[in-house]
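Below is one structure, written out as structure tokens; comments come after it.
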Amino acid sequence: MTQVDEAETAEGGRRRGTGSRTRRSDIRPDTGTGSDSVVRRAIRVACRPGPWKRGRVLAALAVLLGLLMLLHARITDRAGLGSLVESVLPWFGVFVPVLLACALWRRSASAVVALLLPVVVWLNLFGGLLGDRSHSGGDLTLVSHNVGAGNSDPAATARDLAASGADVLALQEITAQARGTYEKALAKAYPHHVVMGTVGLWSRLPLSDTRPVDIKQDAGPLGESKPYEVKMIDNRALRATVATAKGPLAVYVAHLGSVRVMPRKGFWTDSRDRNADALAEALAAERDRRVVLLGDLNGTVDDGAFAGITSRLDSVQELAGDGFGFSWPAAFPVARIDQILVRGVDSESSWVLPATGSDHLPVAAGISW
């Protein structure tokens, strides 16, 4: 009896043990077949950041990029910030593919959509410069070049410029030591020329009414007290009339003040801006209907500092160029600071010539009327 009871007890224990294991298996975590697990899964999915919630920082950066380009004219020029931004404004488009790659990597739909703003703004500002807008022909070929004070071979530079076929050639940053070299090397191709200070004009056609243009290179009482002969040594602008078969053409040659990045003043443009304002006054007083400005302005036409100039003259590069026409620095051009601006004539073509011994590239244009 005792053995039977013990056997039954043992069997019952095994049965109870089996039942216990069964009960423990019944309370294991749900494998996802019940209604509770469906609710939990739905909550988890809802809490995950979707494509419209991911990449909010990227979306914000895209919007800021678009607003920066759209409102560039409203950026303060304190410490030259506005001029600096506008000098490299086309290059802000480089950030678009970078942000796009990040948005795709993050699978962020909001960032991709936000990128439409900078894309539309950039295309509105610079899309027209992507194609070739030039036309064949032209009555006159113009070339402007900052030959560089540190040019080690001015004779070779002069030969290259003469070979360009220019009818009118404007040079800036002519040193006293190199002046004779340019005059000798260019004499055969250009029988007419004038040099005033550091700027000069060479022409196949007769020149008249040549005179310096006061662009307020010397500021303050000390500058004003300098005698004329002393000022002319560093003169940086002139005006001349070119006699063409279709009438007179007023030609200005200018080299505006340099810009500097300074620790305390930031992007320093004081002398350049003062020169630009004075040149704008001279252009406003010009009575000839046909006007050309050739020179190193040390800034792009997008820079608000040149509003007084660009409101009166048009950029040949923007009207009839191929691409952006960057001219500086010659080793890797990132900005067009060498300009050919016109009024009263038709812009036919604009291009950049090969490098010389200067740190600038020569720029050329064809005009007609």
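Things worth noting here:
- Computed over neighbours whose Cβ is under 15 Å from that of ALA187, the net charge equals +4, Lys and Arg +1, Asp and Glu -1.
- Å² per residue, accessible surface of the chain at 1.4 Å: 53 Å²
- DSSP bridge pairs, the stretch 62-212: antiparallel proportion in percent, nearest 5: 65 percent
- Accessible area in the full protein assembly, largest first, 1.4 Å probe, for PHE332, PHE326: PHE332, PHE326
- Computed log₁₀ I(q)/I(0) - Debye formula, equal Cα scatterers, no solvent, the stretch 164-247, q 0.17, 0.19 Å⁻¹: -0.73, -0.86
- Inverse mean reciprocal Cα-Cα distance (Kirkwood Rh) of the stretch 121-263, Å: 17.1 Å
- Between the beta carbons of ILE233 and LEU71, assuming R0 = 56 Å, the FRET efficiency works out to 0.85 to the nearest 0.05.
- Full extension of the segment from ASP277 to SER258, taken as 0.36 nm per residue of separation minus the current Cα-Cα distance, would add 5.4 nm.
- Take the convex hull of the alpha carbons in the stretch 225-369; its mean projected area over all directions comes to 10.6 nm².
- Taking amide H as placed 1.01 Å from N in the peptide plane, ARG133 has its amide H under 5 Å from the amide H of GLY321, ASP322, GLY323, each at least 5 places away in sequence or on another chain.
- Considering only ASP160, ASP36, ASP277, the Gaussian network model of the chain with Cα springs below 10 Å gives its largest mean-square fluctuation to ASP36.
- DSSP beta bridges in the stretch 171-298 [antiparallel fraction, %, rounded to 5]: 80 percent
- When peptides 345-357, 76-88 are ranked by their average number of other Cβ atoms within 10 Å per residue, the highest-first order is 345-357, 76-88.
- Percent accessible area from carbon and sulfur atoms, the stretch 69-205, protein chains only, probe 1.4 Å: 61 percent
- Shown are GLU183, GLU281, whose ranking by accessible area with a 1.4 Å probe and every protein chain present, most to least, is GLU281, GLU183.
- The ellipsoid that matches the Cα gyration tensor of the chain has semi-axes, each √(5λ) in whole angstrom, of 74, 21, 19, with the longest given first.
- Only Lys, Arg (+1) and Asp, Glu (-1) charged, at Cβ; the chain dipole about Cα centre in debye: 1740 debye
- 222 nm mean residue ellipticity, helices alone, for the chain (DSSP H n ≥ 4; -39,500 (n - 2.57); rounded to 500): -11500 deg cm²/dmol
- Computed in the context of the full set of protein chains, the accessible area of the stretch 237-317 at 1.4 Å probe radius has 49% of its extent on carbon or sulfur.
- DSSP-assigned coil residues among trypsin sites (Lys or Arg not before Pro) in the stretch 87-174, each with at most 15 further Cβ atoms within 10 Å: ARG107
The values are calculated or read from the model by the stated rules, or taken from the named source; none is laboratory data. It should be emphasised that the depicted structure is a prediction, and the values quoted were computed from it without experimental measurement. Every residue, glycine as well, gets a Cβ built from its backbone with ideal geometry; the counts of neighbours run over all protein chains shown. What goes into the accessible areas is simple: the full protein's heavy atoms, side chains included, and nothing from ligands, DNA or RNA. Shrake-Rupley method; radii C 1.70, N 1.55, O 1.52, S 1.80 Å.
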